[in-house]
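**Student:** My questions will all concern the structure given below.
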Amino acid sequence: MVNAIKGVFISCDIPMAQFIVNMNNGLAPSQRFIIHVLDTTHLFVQPQVEQMIRAAIAEFRDQNSYEKPT
């Protein structure tokens, strides 16, 4: 019998994948959202956390963006 799990496939570069894995590891075991790490650039996560991941990435990029002083 086949077991199927609904999820979201994420394809990104290695540093962003590590950011997501670190975010996942910072949560309590009952709240972790990564279903499977496929390789260094591909993750399979629970579908309900997609927006949380997008928001965390956007915040991370905003904090680490350089803006030329005027």
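The values are calculated or read from the model by the stated rules, or taken from the named source; none is laboratory data. Source: prediction; values computed, not measured. So basically every Cβ, Gly included, is an ideal-geometry build from the backbone, and we count neighbours across all protein chains shown.
**Student:** Tell me which residues, restricted to region 17-29, are under 15 Å from M52 (Cβ atoms) and surrounded by 12 or more Cβ atoms within 10 Å (Cβ to Cβ).
**Tutor:** Within region 17-29, F19, I20, V21, M23, N24, L27 meet the criteria.
**Student:** Of all residues in region 30-40, how many are touching a helix residue (DSSP H, G or I) at 6+ places or on another chain (Cβ under 8 Å) and surrounded by 14 or more Cβ atoms within 10 Å (Cβ to Cβ)?
**Tutor:** 4
**Student:** Tell me, which strands (runs of 3 or more DSSP E) lie completely within region 1-65 with 1 or more residues that are among the hydroxyl-bearing types (S, T, Y) and at pLDDT 95 or above?
**Tutor:** 8-11
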